[in-house]
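The values are calculated or read from the model by the stated rules, or taken from the named source; none is laboratory data. On a predicted model such as this, the values are computed, not experimentally measured, just so you know. Here the Cβ positions follow ideal geometry from the backbone for every residue, glycine too, while neighbour counts run over all protein chains shown.
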């Protein structure tokens, strides 16, 4: 395979635009690939970042840089591997990570498939993370933008073929370099929200697609204090949207079998805190550790790492015992395991 050619996933944002520019400066022949993850979703946009706008921006930057770009319709793969499992998970009382699934099942498999088709070894994206030749995954140097959490389910074999040029930069540097190069996306706002629909409130998105199933809001003592419109629309620790007297009220649990939402107006309610959690669907980068011992755990994106002791359980599960009780450890979320800056592996909170 040609070593000086590289595929760059171009989303239409400033990060992937600068990634392509930096690799050109390194002497690579860059071929852009824009994955159209979803067709325009009515009501899904709050800041102007639609699927068609992102596609046009990616094509515009490619023309500006003088590189070819290919647009691949990834919507069918997205629907199968991300959107439908996302909706199903919420119906099962879980709070999933669609961005993790996107990277694992859609984005990088499609980019690598495009590279294979063209006889190219490496692909690159604008993620804030780092890789090594051995296929290790490391945090990006900018702690505010590090995205290694979302990349935790990539395999060692995939990581050996992936480059993240922005992993060595801070976001402020990325903006400055893009402005110096006069890239057309230099001032474009970062996208936020769900990876497949853009800037939209998750609860709103779910309400548009899942049937309402009203039930009681109850306290731990069994008192009915209100009504909810469906368990999928709430998550552990949530305060927003619970309009009851004598608040604020927080979600402290769900009872799927009785369709009850457990709530509390006690600040720091102990029901929200756990000293341990089991995780399943384990994934190791570089192989399973020889021994299970002290590890750093990140339970959600941008959460500070927490110290824990890990031990093996039956049925392929792992037990994490936290040094400090953790708030709102939510089933369905990824628990990402770190040794320093290196991602050791991950598991889904059970």
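The number of residues in the stretch 311-350 that are out of contact with any strand residue (DSSP E or B) (no Cβ under 7 Å at 6 or more places or on another chain) and surrounded by 13 or more Cβ atoms within 10 Å (Cβ to Cβ) comes to 1. Of all residues in the stretch 271-289, those that are at positive phi have Cβ atoms under 6 Å from Cβ atoms of residues that are outside any loop (DSSP other than H, G, I, E, B), 6 or more apart or on another chain, in 281/348; 286/156. Would you confirm, using the coordinates I've provided, whether residue 118 is over 23 Å from residue 343 (Cα atoms), surrounded by fewer than 23 Cβ atoms within 10 Å (Cβ to Cβ), in contact (Cβ under 8 Å) with a residue 40 or more places away in the chain and out of contact with any helix residue (DSSP H, G or I) (no Cβ under 8 Å at 6 or more places or on another chain)? The answer is yes for residue 118.
A single entry from 134, 170, 163, 175 fulfils the requirement of being out of contact with any helix residue (DSSP H, G or I) (no Cβ under 6 Å at 6 or more places or on another chain) and without any contact (Cβ under 8 Å) to a residue 60 or more places away in the chain: 170.
With respect to residue 148, is the statement that it is modelled with pLDDT of 95 or more, more than 14 Å from the chain's Cα centre (by Cα), crowded, with 18+ Cβ neighbours inside 10 Å and in the same structural domain as residue 32 (by TED's automatic domain parsing) true? No.
Here residue 58 clears all of (1) at pLDDT below 85; (2) touching a strand residue (DSSP E or B) at 6+ places or on another chain (Cβ under 6 Å); (3) part of a helix (DSSP H, G or I) except the condition numbered (1). Any residue in the stretch 87-99 that is at pLDDT 95 or above, out of contact with any helix residue (DSSP H, G or I) (no Cβ under 6 Å at 6 or more places or on another chain), farther than 26 Å from residue 238 by Cβ and not in a strand (DSSP E or B)? Scanning the stretch 87-99 turns up no residue that is at pLDDT 95 or above, out of contact with any helix residue (DSSP H, G or I) (no Cβ under 6 Å at 6 or more places or on another chain), farther than 26 Å from residue 238 by Cβ and not in a strand (DSSP E or B). Restricting attention to the stretch 314-350, the residues that are over 29 Å from residue 251 (Cα atoms), in a loop (DSSP other than H, G, I, E, B) and without any contact (Cβ under 8 Å) to a residue 60 or more places away in the chain add up to 1.
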